[in-house]
1. With touching a residue at least 40 places away in the same chain (Cβ under 8 Å) and under 16 Å from the mean Cα position of the chain (by Cα) as the only criterion, which of B:V28, B:V18, B:V32 stands out?
2. In this structure, is A:L39 over 21 Å from B:V31 (Cα atoms), assigned to a helix (DSSP H, G or I) and more than 10 Å from chain B (Cβ to nearest Cβ)?
3. Of the residues that make up region A:97-104, is at least one assigned to a helix (DSSP H, G or I) and facing chain B (nearest Cβ under 10 Å)?
4. For region B:48-125, which helices (runs of 4 or more DSSP H) that fit wholly inside it have 2 or more residues that are within 9 Å of chain A (Cβ to nearest Cβ)?
5. Given (1) under 29 Å from A:T87 (Cα atoms); (2) modelled with pLDDT of 95 or more; (3) surrounded by fewer than 16 Cβ atoms within 10 Å (Cβ to Cβ), identify the lone condition not met by B:P6.
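The values are calculated or read from the model by the stated rules, or taken from the named source; none is laboratory data. Small disclaimer: the values here were computed from a predicted structure and weren't measured. Cβ: placed from backbone, ideal geometry, glycine included. Neighbour counts: every protein chain shown.
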Amino acid sequence: MGMITNVTSFGRSGLYDWLLQRTTAVVMAIYVVFVTFYLLTNPNLDYSQWLALNSHICMKVLNVLTVLSIAIHAWIGLWAVLTDYVTVRLLGPKATPLRIFFQLGMITITLVYLIWALDIVWGI
Amino acid sequence: MNKKRPVNLDIGTIQLPVTSYVSILHRVSGVVLFAAIAIFLWVLDASLSSEESFNAVKECMSGTFCQLIIWASLAALAYHMVAGIRHLIMDFGIGETLEGGRLGAKVVFIIAAVLIILAGVWVWA
């Protein structure tokens with residue numbers, strides 16, 4: 001029995017998507033907890049201090065990993081939502097072209113976010 | 001899969017348990033966060049571009065409109081993270097029973113509510 005792969009899923013299999021969704025979640029949680037803690041402990045943050053933090057190589061690595069995680073996590077999550085609700089059973093025969101349209105739109109926005117974010121965090 | 005086949009679950013006629021609300025709100029908050037990424041990137045970009053734009057972001061953060069948007073985004077993030085951590089805990093086999101699932105769902109709502117209130121205090125204090 002061959003396995004049918006879905007052309008628009010990120011990891012091409014449910015198991016890859018499952019693991020990627022969790023590893024990317026952990027990376028983003030580390031970022032959120034760290035940045036929240038940093039902002040709470042530096043209430044009078046100024047530009048030079050904020051720039052110095054984000055110019056540090058460790059922070060650059062965390063920033064890039066977070067940005068990549070957001071893109072992968074959003075792709076997998078929105079794929080799940082779209083394939084659950086924009087379906088022929090719920091919306092009739094026009095659901096398939098509509099879902100493909102939304103999926104390609106979602107992928108396009110995700111890639112725009114990714115390129116914009118990499119430009120911000122790596123260009124410092 | 002286009003054949004008419006019997007579907008037993010008609011969600012519209014079922015009274016949803018607390019776990020369903022945790023699940024659907026996890027999805028809703030995820031979609032909201034996808035839009036909020038644009039705001040987050042705009043703020044990050046402006047805060048790192050120059051001293052002037054950094055101060056402009058700070059200035060904007062003292063206005064009610066900006067504060068509401070930031071708080072709404074933080075609320076979606078707080079809920080989505082707490083519900084996500086519940087998933088990770090359940091992946092380790094904890095709270096997988098019916099009662100465990102219900103208890104976990106209630107705990108998610110309580111912790112998320114506390115974090116959302118704290119986020120409001122942070123934004124407005």
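1. It is B:V32.
2. No.
3. Checked against the condition, which is being assigned to a helix (DSSP H, G or I) and facing chain B (nearest Cβ under 10 Å), region A:97-104 yields no hits at all.
4. Passing ranges, in order: B:51-60, B:64-91.
5. With (1) under 29 Å from A:T87 (Cα atoms); (2) modelled with pLDDT of 95 or more; (3) surrounded by fewer than 16 Cβ atoms within 10 Å (Cβ to Cβ) applied to B:P6, the lone miss is (2).
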